[in-house]
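Below is one structure; the comments refer to it alone.
The values are calculated or read from the model by the stated rules, or taken from the named source; none is laboratory data. Note that the structure is predicted; figures quoted are calculated from it, not measured. Cβ placement follows ideal geometry from the backbone for every residue including glycine, while neighbour counts extend to all protein chains displayed.
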Amino acid sequence: MKSTLILLFTICLVQISCGQDKLKIEKSENTRLIKVLNNSELIGENTVDYLSVRIYKIDNGSGSAGFPSSEVSHNLLIAVSEFDEEPNQNLFEIGPFYNPKFMKWTNEMEYQREFEIEYGAYDERKLLKLKVNINELEME
């Protein structure tokens, strides 16, 4: 009995130690992905119940706001995911916004989230309500 257990344990141990492939390092050539991962900022997150929503802002480059001071505009990336072993996921992009700021979550339905974004120049701020679910992003 002992020898059988030792043999099985040895076979499993050899299988585990030899089962890993060689590690591989690759440099990404996807310039959009490189920019998003290096320059995005998480500004809002809601991960309750069945839906996860993350809001990122990413700048559109120097001078994109159209002012002589080289200020930038931003686009918002809204990443939406269900909770599951293989979840449905989507990514929406909206913009450009000048100086966007996440304000608050306004409604949390089971499969939909609503939130507010404030944007614009200091003396001309506007408020935009957005609704998102796994399939679409809508402006109110």
Thr106 is checked against (1) surrounded by 13 or more Cβ atoms within 10 Å (Cβ to Cβ); (2) in contact with a Gly (Cβ under 7 Å, 6 or more places away or on another chain) and fails just one. What number does that condition carry? (2)
So, Ser62, is that one of a type in the set (Ser, Thr, Tyr), within 27 Å of Leu33 (Cα to Cα), touching a Ser or Thr at 6+ places or on another chain (Cβ under 9 Å) and loosely packed, with under 14 Cβ neighbours inside 10 Å or not? yes
In segment 23-41, is there at least one residue being exposed (fewer than 14 other Cβ atoms within 10 Å of the Cβ), closer than 20 Å to Asn133 by Cβ and among the charged types (D, E, K, R)? no
Just a yes or no: is a residue in segment 88-99 in contact with a Pro (Cβ under 9 Å, 6 or more places away or on another chain) and either of a type outside the set (A, V, I, L, M, F, W, C) or surrounded by 12 or more Cβ atoms within 10 Å (Cβ to Cβ) (or both)? no
If Met139 meets every condition in (1) closer than 21 Å to Leu42 by Cβ; (2) over 18 Å from the mean Cα position of the chain (by Cα) apart from one, which number is that one? (1)
Just to be sure I understand, how many residues within segment 66-118 are among the aromatic types (Phe, Trp, Tyr) and more than 20 Å from the chain's Cα centre (by Cα)? 2
Are any of the residues in segment 26-35 of a type in the set (Val, Ile, Thr) and either modelled with pLDDT of 70 or more or assigned to a loop (DSSP other than H, G, I, E, B) (or both)? yes
